[in-house]
Amino acid sequence: MMKIHYFSFFVLALLICTSCQARTQRHDSAPQEAASLATASPVITGDALTELYYPLIAGQRVALFGNHTALLPDGEHLVDKLLRDGQKVTAVFSPEHGFRGIADAGEHVSSSVDAQTGIPILSLYDGGNNRPSAASMSKFDVLLVDIQDVGLRFYTYYITMCRLMAACADAGKTVIILDRPNPNGHLVDGPLLDMKYKSGVGWLPIPVLHGMTLGELAQMAVGKGWLGTKTKCQLVVIPCEHYTHHTLTDIQVPPSPNLPNLRAIYLYPSLCYFEATPVSVGRGTDHPFQIYGHPAMKGRTYSFTPESRAGAKSPPQLGKRCQGVDLTTLDMDSLTTKGIDLSYVIDAYKDLGMGSKFFTDFFEKLIGVSWVRTMIVQGATAADIKARWQPDVEQFKKDRREYLIYEE
């Protein structure tokens with residue numbers, strides 16, 4: 001088991017506190033301007049701040065929870081960096097889509113061995129949604145988390161992280177999160193998850209868009225006791241530099257096969273509910289989560305045909321010509337503030353006229369409550385529905401405040 005003297009944690013806390021104070025002073029002295037992709041200083045991700053976490057992993061067996069997104073600012077993969085610097089990496093835990101990020105959504109991913117390094121890759125997305133085995137937990141002393149999230153309750157990376165944190169709490173192992181910006185970190189939107197709909201696409205009582213980094217969300221999960229463990233997870237977060245919740249950031253690489261760019265990431269909170277309907281969201285095309293359609297939709301000038309391809313081997317409406325809507329021309333500035341827009345789902349629901357056959361039970365798991373479907377069927381507008389969940393949003397913003405690392 002990992003042994004860290006109290007002094008080490010004190011020094012680390014002092015270094016992080018000093019860093020955060022400097023960051024706060026920079027932002028307090030600067031005029032408050034609208035969020036922009038152009039920032040005064042480039043964001044430095046937690047994995048690049050090796051001086052803060054190398055002292056905590058020296059001489060320890062290290063496991064990484066990450067995938068192809070675990071890249072340092074210069075593009076080097078963290079595993080390669082750790083090995084080059086003499087750190088003992090003994091295992092990699094991989095999430096949905098696998099270590100290389102190319103598997104389909106929900107596809108069984110087998111454990112394997114990395115051909116380049118010989119390190120065991122232990123899949124945590126094998127169809128069982130289980131915590132890691134005792135054998136897997138015995139392979140390491142400390143867990144590093146470095147993975148690009150997109151800030152949505154139904155995006156599964158944070159769920160895997162929470163399961164790992166719970167296992168580490170029970171085993172007395174420390175978790176070190178190398179924090180990354182949340183591309184949707186400026187948005188909080190959607191209803192809180194009704195926990196009767198807890199599933200592999202919704203694990204914590206948070207809104208659809210929670211507006212937190214993984215480091216912040218992990219702190220909240222520990223603080224609120226959401227991990228469900230008898231002992232508290234030993235958690236250390238290495239914060240990003242030059243980042244606030246007003247900072248809009250791009251992505252180094254697509255975090256998963258069907259979120260290829262920022263446009264898809266911004267539209268994902270509005271379009272993912274189509275996964276619980278017969279409507280295609282463009283899986284198997286060049287524009288996943290940037291278009292939607294169905295063969296029976298009427299009066300449309302745009303069409304597309306989903307095909308089998310990497311990351312979308314059997315997409316909905318495979319090989320069928322879908323009539324629908326092209327969202328690739330929407331203004332990006334407006335998308336950054338859109339949040340959840342259910343008008344797309346309402347549009348398709350009215351067009352197809354399928355009634356109750358339009359939705360599957362998966363819809364409630366994605367949206368997190370029962371009343372949204374009811375309101376759509378009763379003819380409510382997207383604005384009506386958003387207004388109903390707004391009190392949830394405001395309460396969550398208050399509840400999360402003590403766990404935030406970065407300026408709101």
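Laboratory data are not the source of any read-out in this text; all were calculated from the coordinates shown. In this text the structure is predicted, and so the values were computed from the model without any measurement. Cβ sites come from the backbone with ideal geometry, for glycine too, and all protein chains shown count toward neighbours.
Neighbouring Cβ atoms within 10 Å as the yardstick, rank Trp389, Trp371 fewest first. Could you put the intermediate results ahead of the total?
Working: Trp389 21, Trp371 16.
With the fewest neighbours first, Trp389, Trp371 line up as Trp371, Trp389.
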May I ask you to sort Glu241, Glu408 by Cβ crowding, counting other Cβ atoms within 10 Å and putting the fewest first? Glu408, Glu241
Can you tell me, using C-alpha contacts under 8 Å and at least 6 residues apart, the relative contact order of segment 144-301 as a whole percent? 24 percent
Subtract the Cα-Cα distance of Lys139 and Asp194 from 0.36 nm times their separation in residues, and report this length gain in nm to one decimal. 16.2 nm
For peptides 133-141, 280-288, sequence by mean Cβ density within 10 Å, most packed first: 280-288, 133-141
Relative pair counts by distance (%), Cα atoms of segment 262-377, 5 Å bins: 2, 12, 23, 24, 21, 14, 4, 0
From the phi angles alone, apply the Karplus equation (6.51, -1.76, 1.60; θ = phi - 60°) to segment 326-336 and give each ³J(HN,Hα) in whole Hz, x where the residue is Gly or Pro. 9, 9, 6, 9, 5, 5, 5, 4, 6, 5, 5
Expected sort for 391-399, 155-163, 188-196 on mean C-beta neighbours within 10 Å, highest first, is 155-163, 188-196, 391-399
Net length gained if the chain between Ala115 and Val377 were fully extended (0.36 nm per residue, minus Cα distance): 89.1 nm
Taking Cα pairs closer than 8 Å and at least 6 residues apart, the relative contact order of segment 300-345 in percent is 35 percent
What FRET efficiency do you get for Ser370 and Ala171 if R0 is 41 Å and r is their Cβ-Cβ distance, rounded to the nearest 0.05? 0.65
Dipole check, segment 266-372, charges on Cβ (K,R +1; D,E -1), about Cα centroid: among Thr337, Gly319, Phe363 the Cα furthest to the positive pole belongs to Gly319
Among 62-69, 316-323, how do they line up from the highest to the lowest mean number of other beta-carbon atoms within 10 Å? 62-69, 316-323
Number of Lys-Lys pairs in segment 262-377 under 21 Å by Cα, sequence gap 8 or more or different chains? 6
Simple spin-label estimate for Lys88/Ser334, 7 Å along Cα→Cβ, in nm, reads 5.7 nm
